[in-house]
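J.: Got a structure for you, written out below as structure tokens; questions coming shortly.
The values are calculated or read from the model by the stated rules, or taken from the named source; none is laboratory data. Only a predicted model underlies this, so the values are computations on that prediction, with no experimental measurement involved. Every residue, glycine among them, receives a Cβ derived from its backbone with ideal geometry; neighbour counts consider all protein chains shown. Accessible surface areas use protein heavy atoms only, side chains included; no ligands, DNA or RNA. Shrake-Rupley method; radii C 1.70, N 1.55, O 1.52, S 1.80 Å.
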Amino acid sequence: YQGTDTPVIYIDVQSSSQQVTISIENAVGESIELYKGTGMGLSIVTERIKLFNQENESNIKFYTNQAGKHFTKGYRVAIEINL
């Protein structure tokens, strides 16, 4: 992050007796120059969750590019864990 705005990240947790959803969102503003990495982070997380689900017979879901709730322009991901 190399913008002039103060960086803000929102973490939302919603739970019920059947599932927990953790969402993380950060702003993507006009004045922000995004760090262009290798693009491997999201694919690595997706693959690790897939392997974890196979090994533990669980049903964790990972969502990217979710609609922002806190920013007009933002990037949001969510992890959904069924209990």
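J.: For 64, 72, 21, give the ranking by accessible area with the largest first, probe 1.4 Å. Don't skip to the answer; put the middle values down first.
T.: Working: 64 50, 72 150, 21 25 Å².
Per-residue accessible area, sorted high to low, gives 72, 64, 21.
J.: Determine the order of 15, 23 by accessible area, beginning with the largest, at a probe radius of 1.4 Å.
T.: 15, 23
J.: Let me ask something additional. Of the trypsin sites (Lys or Arg not before Pro) in segment 47-83, which ones lie in a loop per DSSP and count no more than 14 other C-beta atoms within 10 Å? Don't skip to the answer; put the middle values down first.
T.: Numbers: sites: 48, 50, 61, 69, 73, 76; in loops: 69, 73.
Passing sites in segment 47-83 are 69, 73.
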